[in-house]
Every structure is written in C-alpha cells, then in structure tokens.
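> Here you go, one structure.
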Amino acid sequence: MQEKQDLTAQEIRTLLASALIAGKFERLADHAHRIARLVSWSPTATGQIPPELSEMAGVVSRMVEDVLLCFLTDNIDKIPEIMQRDNRIDYLHDIVSKNLLLQLGEQDQEHAQTGTQLLFCVRYMERMGDYCTSIAKRVHFIVTGERLKSG
C-alpha cells in the first residue's frame with residue numbers, strides 16, 4: 001500500500017480552482033470561436049469595423065496571454081494590470097455598443113445585419129475580459145489564499 005501524502009493548502013486550492021479555471025478557459029475559447037464565425041460570415045464588413053473594436057481585440061488578446069502565464073507560473077504580479085484592462089474593455093464595450101445601436105436604425109438591411117454581428121462580437125469580447133478577470137482572481141486565491149474583491 002502506498003503511503004498517503006499530505007497536500008499543502010496551496011495544492012488543495014490548486015486542485016479545486018483548476019477545474020473552475022478550465023471551465024473559464026473553455027468559455028473563452030467558445031467566444032473566440034463565435035467571433036471567428038461571425039467575422040467569416042461577413043468578410044466585406046472590414047470598412048464598418050469601429051476602431052474601438054480592434055482595440056478591444058488587442059486588449060483581450062493580451063489579457064488572455066497574461067492570465068494564462070499567471071496561471072501556469074503562479075506569478076500574480078500582472079493580476080492588477082489584467083483587472084485594470086477589464087475596466088478598459090468595459091468602457092470600450094459601452095462606447096461601441098451605443099454607437100452601433102445608434103447606427104442600426106439608419107442602415108439598410110445588409111449593413112444592419114453586419115452591425116448586429118458586430119454587436120455580438122463586442123459582447124463576446126466583453127465577456128472574455130470578464131472571464132480573464134475571474135481567472136486572475138482565482139489564480140490570486142491559489143497563490144495567496146486570499147480573495148480579491150471586484151474592483
């Protein structure tokens with residue numbers, strides 16, 4: 001019979017939080033897949049893409065990269081920065097959503113469909129930012145045993 005090994009508090013937190021974090025990464029991938037499908041649906045929409053949407057994509061991409069590195073290395077140094085970026089994503093989401101909604105009533109059917117697809121993309125990216133923040137908070141909990149408050 002193999003001798004039972006005691007787990008440290010951090011190892012227990014890692015075991016429990018890893019399943020939750022895996023679910024968040026799965027949601028991130030689902031949203032990225034949805035965005036890719038929407039973009040491929042309307043390749044002619046490149047002229048209609050708001051510049052803030054491109055900025056959102058860049059910020060979300062950096063968030064995903066940083067939160068994955070935090071999780072893999074137990075390094076929590078970038079967690080405040082990740083959470084701050086989520087505030088930027090929320091701000092951009094509000095601006096782009098309002099602008100797209102204002103334009104919807106003034107457009108013909110083809111452009112309105114593209115605007116609707118862009119609204120979905122904006123929403124998916126906003127959710128991706130939220131998932132990154134959630135993962136960052138869980139990584140912080142794994143490493144320190146302390147919960148971060150929403151900020």
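No value in this document is a laboratory result; all are computed from the given coordinates. Owing to the predicted nature of the structure, the values given are computational and were not obtained by experimental measurement.
> How tilted is helix 109-144 with respect to the longest principal axis of the chain? Cα atoms for both, answer in degrees (0 to 90, nearest 10).
Taking the Cα atoms of the chain, the angle to 109-144 is about 10 degrees.
> With every atom except the alpha carbons ignored, what do you get for Rg and Dmax of the range 68-107, in angstroms?
16.3, 50
> Quick one: 3J(HN,Hα) in Hz for the range 91-105, Karplus 6.51/-1.76/1.60 with θ = phi - 60°, rounded, Gly and Pro as x.
4, 5, 4, 4, 5, 5, 4, 4, 5, 5, 5, 5, 7, 4, x
> Taking each pair of different alpha-carbon atoms in the chain once, compute 1/r for the pair, average those values, and report the inverse of that mean as the Kirkwood hydrodynamic radius in Å to one decimal. Spell out each step's value before the answer.
Working: mean 1/r = 0.0590 Å⁻¹.
The Cα-based Kirkwood calculation yields 16.9 Å.
> What translational diffusion coefficient, to the nearest whole µm²/s, does the range 33-100 have by Stokes-Einstein, given a Kirkwood radius computed over alpha-carbon pairs, a temperature of 20 °C and 1.002 mPa s viscosity? Could the numbers behind the result be given before it?
On the way: Rh = 13.5 Å.
Once the numbers are plugged in, D ends up at 159 µm²/s.
> Quote to one decimal, in nm, the extra length available between Gln109 and Glu26 on full extension: 0.36 nm per residue of separation minus the C-alpha distance between them. Don't jump to the answer; show the numbers that get you there.
Details: separation 83, 0.36 × 83 = 29.88 nm, distance 3.37 nm.
Result for the pair: 26.5 nm of gain on full extension.
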